[in-house]
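Okay, structure first, notes after.
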Amino acid sequence: MPDYPPEVYRKAAEAIERELMSGRDYGTHMDSDEALATAALDAVAGELGQFAASKIIAHMEEHGPGPDVKLPARMALARRMRRMHFETAARVAARAFLTEADLLKIAAEAISRGDFMICSGPEVPEAGDD
């Protein structure tokens, strides 16, 4: 079993407790386990994605030449491409459990912090500006 960060266990347990305290009757309902599991997984979705992403990056760093190793140009390009593929996999993993609403919330938070770039490309003409 993976060694999840303590925060993941705490957040999942809190979500289960909130669900149990919600007043719903889980005495004999068949869907009670599913509801509790859903509450726990929804609460830790982002952390699970980050956990998977960190494992992917750790694997990349452990099983490849480090950035301080001098390589011929052809091999240096291969290292950059390998790193790019691993980083892409990590980004996909980090977002794997998030909903579209989660991603929009993350984007809004990034914009409010100023973590974005403005394109200085040509203006897109509006319809009728021909």
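Data for the structure
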{"read-out": "Only one of A52, A90, A76, A127 that is at pLDDT below 90, surrounded by 10 or more Cβ atoms within 10 Å (Cβ to Cβ) and not β-branched (V, I, T)", "value": "A76"}
{"read-out": "All positions within region 67-107 that are under 19 Å from G49 (Cα atoms), hydrophobic (A, V, I, L, M, F, W, C) and part of a helix (DSSP H, G or I)", "value": "M84, F86, A89, A90, V92, A93, A94, A101, L103, L104, I106, A107"}
{"read-out": "Enumeration of residues in region 76-110 that are acidic (D, E) and within 30 Å of E62 (Cβ to Cβ)", "value": "E87, D102"}
{"read-out": "Meets criteria (under 20 Å from Y4 (Cβ atoms) and either under 22 Å from the mean Cα position of the chain (by Cα) or among the aromatic types (F, W, Y) (or both)) for R82", "value": "no"}
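Okay, residues lined up against (1) over 26 Å from K105 (Cβ atoms); (2) touching a residue at least 40 places away in the same chain (Cβ under 8 Å):
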| site | (1), (2) |
| --- | --- |
| R10 | no, no |
| I16 | no, no |
| L41 | no, yes |
| I57 | no, no |
| M60 | yes, no |
| T88 | no, no |
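The values are calculated or read from the model by the stated rules, or taken from the named source; none is laboratory data. No experiment lies behind these values; they were computed from the predicted model shown. For neighbour counting, all protein chains shown are included, and Cβ atoms are generated from backbone atoms with ideal geometry for every residue, glycine included.
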